[in-house]
Amino acid sequence: MSDTAERVTKIVVEHLGVEEDKVVLNASFIDDLGADSLDTVELVMAFEEEFGVEIPDDSAETIQTVKDAVDYLEKNKA
Amino acid sequence: MRRVVVTGIGMVSPLGGDAETTWSNILSARSATKKVENFQVDDLPAQIACQIPFGDGSDGSFNADDWMEVKEQRKVDPFIVYAVSAATQALNDAGWHPKTDDEQHTTGTMIGSGIGGLQGIEQTSLLLAERGPRRVSPFFIPGRLINLASGYVSIMHGLKGPNHSVVTACSTGAHAIGDAGRMIALGDADVMVAGGAESPVCRLSLAGFAACKALSTDYNETPEKASRPWDEDRDGFVMGEGAGIVVLEEYDHAQARGAKIYGELIGYGLSGDAFHITAPAENHEGAFRAMKASLKRAGIDASEIDYVNAHGTSTMADTMELGAVERLAGDHASKLTMSSTKSAIGHLLGAAGSVEAIFCLQAMRDSKVPPTLNLDNPASDTQIDLVPHKAKDKELTTVLSNSFGFGGTNASLVFRKV
C-alpha cells in the first residue's frame with residue numbers, strides 16, 4: 001500500500017469508525033462504509049488537513065471511494 | 001386528565017455514571033467539588049467545578065463508550081453524550097423498548113439544556129478565528145443544538161412520538177418533566193423520555209458566570225467547602241455537569257405491562273418573575289407562586305408535603321427561597337424537611353431540575369432524606385429542618401422539587417407515592 005493510501009485509510013477508520021480491513025480501494029464511503037453526506041464533508045476536510053491541500057467543492061463531489069481519494073491526493077498533494 | 005407516573009430513571013452526575021451510584025454517594029455525604037485540572041483556570045476567579053468521574057465504567061465511573069459509538073461522540077458536545085446515556089439507562093430501567101409502530105408513535109422525547117453545546121462553540125469560534133471557515137466541521141451545528149439531545153435519543157431508540165425540547169436556564173429539567181407529563185395527560189403520548197442535560201464546564205462559562213457574580217470564588221483551595229446552601233459563608237454556586245432523565249408513562253399503560261412505579265407526578269406549577277434577568281423577585285414571590293400552582297394542580301394542601309428538594313444554589317437567593325417555603329408551609333414548617341443536593345454535586349444548570357426530581361423519587365422509595373453539606377452556620381433561623389451534614393431517615397409520601405432560572409422562570413414539581 002502506498003504511503004498516501006495508508007494515510008487515507010487511517011483517516012477513514014478514525015472518522016467512520018470502521019474496521020481497517022473494510023477500507024479497500026474500491027470501497028464507497030457512503031455505500032460500503034456507512035458514511036452519510038455530512039461524514040463525507042468531514043472526511044474531505046480531514047484529507048485537506050492531513051495532506052495540506054485545498055480540495056474545491058467540485059472536486060470533493062467526485063471523491064466517492066477510497067481510490068478516488070488516493071488518486072486525487074497523489075496528484076494534488078503538497 | 002390521564003395520570004402520569006415515573007417508571008424509569010437514568011443519570012450521569014459528578015458523583016457517578018448512573019442514578020444509584022450517585023444516590024448512594026449523596027446519602028454518604030460525599031462532595032464532588034474539585035479544582036478543575038483539564039483546562040487553564042489560574043486566571044479565572046472561580047477555579048472549581050463538579051465534573052463527571054470518567055473511567056472504564058466500573059466502580060460507578062462514567063464510560064461514554066458504553067453508551068455511544070466513538071465516531072458519534074466526536075460529533076457532539078458532551079451534554080448529548082450524557083443525555084444519550086441517561087436516557088438509555090432510564091429506558092432500560094423502565095423495561096420499555098418500543099418495537100411496533102403503535103409503541104413507537106406513542107413514545108416521545110423532551111430533553112432540554114440550559115445552554116447547549118458551549119464547549120464546542122468556544123472551541124469552534126477559536127478555530128474559525130485562527131484557521132478560517134473551511135475548518136468548521138459539518139457537525140458543528142447539529143452537535144451543539146439543544147434539541148439534538150432529544151434528536152439523538154429519538155433516533156437511537158426509535159421514538160417517533162413528540163420530539164421536543166425545553167430551554168429555561170436552570171428550570172429546564174423541571175419544565176421538561178412537567179411539560180412532558182402534560183403531553184401524556186392530554187393524550188399526545190403514552191410514554192415520554194424527559195429531563196435535562198448540561199456540559200457547561202469550560203473557560204468561557206466559568207468566566208461568564210463569574211462575571212455575573214454567580215459563582216463561588218472564595219473556596220478555590222478548599223473546593224469541598226464551596227457549595228454551602230443557606231450557610232452564612234456561602235458566596236455563589238459551584239458549576240456542575242451531567243444529565244438526569246426519567247421515563248414518564250400513563251398510569252394504566254404502566255400498570256398493564258406490570259412496570260415498577262417510582263411515583264406519580266401529581267403537581268406541576270410554573271410562574272414568571274417579570275423582575276430581573278438574573279436576580280429573583282422580592283421575597284422570591286415568583287417561586288412562591290410556582291409552588292402554590294403545583295399544589296393547586298395536585299389538589300393538595302401544603303401540609304401534605306413531607307420533603308422539599310430546594311433550588312438552594314449556595315447563593316444569596318437561598319434564604320429568599322427558604323422564606324417563600326416558610327410562607328407556603330405556614331404552621332406545617334416545623335414538620336417539613338428541606339435540603340439542597342447542590343451542596344454535593346453543584347449546580348447542573350439545565351440538568352439540575354431533573355436530577356433533583358430523581359433524588360426526590362429515590363428519597364421516597366428509600367425513606368431517606370439527602371443532606372445539605374457544609375451547612376455549619378445557617379444564615380437565618382427557621383423551623384424547617386434543613387438536614388445539615390448527614391442524611392436522615394424519614395417516611396416520605398409526597399415530595400416537592402423547586403427549580404428557578406435566569407430570566408425569572410420558576411417551576412415546581414410534586415410527586416407522590418403510588
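Numerical summary
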read-out	value
Any chance B:Val76 is within 14 Å of chain A (Cβ to nearest Cβ), among the aliphatic types (A, V, I, L, M) and either closer than 15 Å to B:Gly158 by Cα or in contact with a Lys or Arg (Cβ under 9 Å, 6 or more places away or on another chain) (or both)	yes
Count of segment A:39-58 residues which are closer than 18 Å to B:Pro138 by Cβ and loosely packed, with under 15 Cβ neighbours inside 10 Å	5
Residue in segment B:59-73 that is surrounded by the most Cβ atoms within 10 Å (Cβ to Cβ), counting only those that are acidic (Asp, Glu) and either away from chain A (no Cβ under 14 Å) or under 24 Å from B:Gly114 (Cα atoms) (or both)	B:Glu72
Enumeration of residues in segment B:359-377 that are crowded, with 18+ Cβ neighbours inside 10 Å and more than 21 Å from the chain's Cα centre (by Cα)	B:Leu375
Among the candidates B:Ala169, B:Ala207, residue that is away from every other protein chain (no Cβ under 14 Å), touching a Phe, Trp or Tyr at 6+ places or on another chain (Cβ under 7 Å), surrounded by fewer than 24 Cβ atoms within 10 Å (Cβ to Cβ) and modelled with pLDDT of 95 or more	B:Ala169
Matching helices (runs of 4 or more DSSP H) fully within segment B:77-151 where at least 3 residues are within 17 Å of B:Glu249 (Cα to Cα)	B:78-94, B:101-105
Hits in segment B:274-284 - residues which are surrounded by fewer than 19 Cβ atoms within 10 Å (Cβ to Cβ) and in a helix (DSSP H, G or I)	B:Glu282, B:Asn283
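Residue by residue, here is whether (1) under 26 Å from B:Glu122 (Cα atoms); (2) surrounded by 18 or more Cβ atoms within 10 Å (Cβ to Cβ); (3) at pLDDT 95 or above holds:
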residue: B:Ala189; (1), (2), (3): no, yes, yes
residue: B:Ala194; (1), (2), (3): no, yes, yes
residue: B:Pro200; (1), (2), (3): yes, yes, yes
residue: B:Pro223; (1), (2), (3): yes, yes, yes
residue: B:Asp231; (1), (2), (3): no, yes, yes
residue: B:Gly242; (1), (2), (3): yes, yes, yes
residue: B:Val247; (1), (2), (3): no, yes, yes
residue: B:Gly258; (1), (2), (3): no, no, yes
residue: B:Gly272; (1), (2), (3): no, no, yes
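The values are calculated or read from the model by the stated rules, or taken from the named source; none is laboratory data. Being a predicted model, the structure only gives us computed values, none of them experimental. No Cβ is skipped: glycine too gets one built from the backbone with ideal geometry, and neighbour counts run over all protein chains shown.
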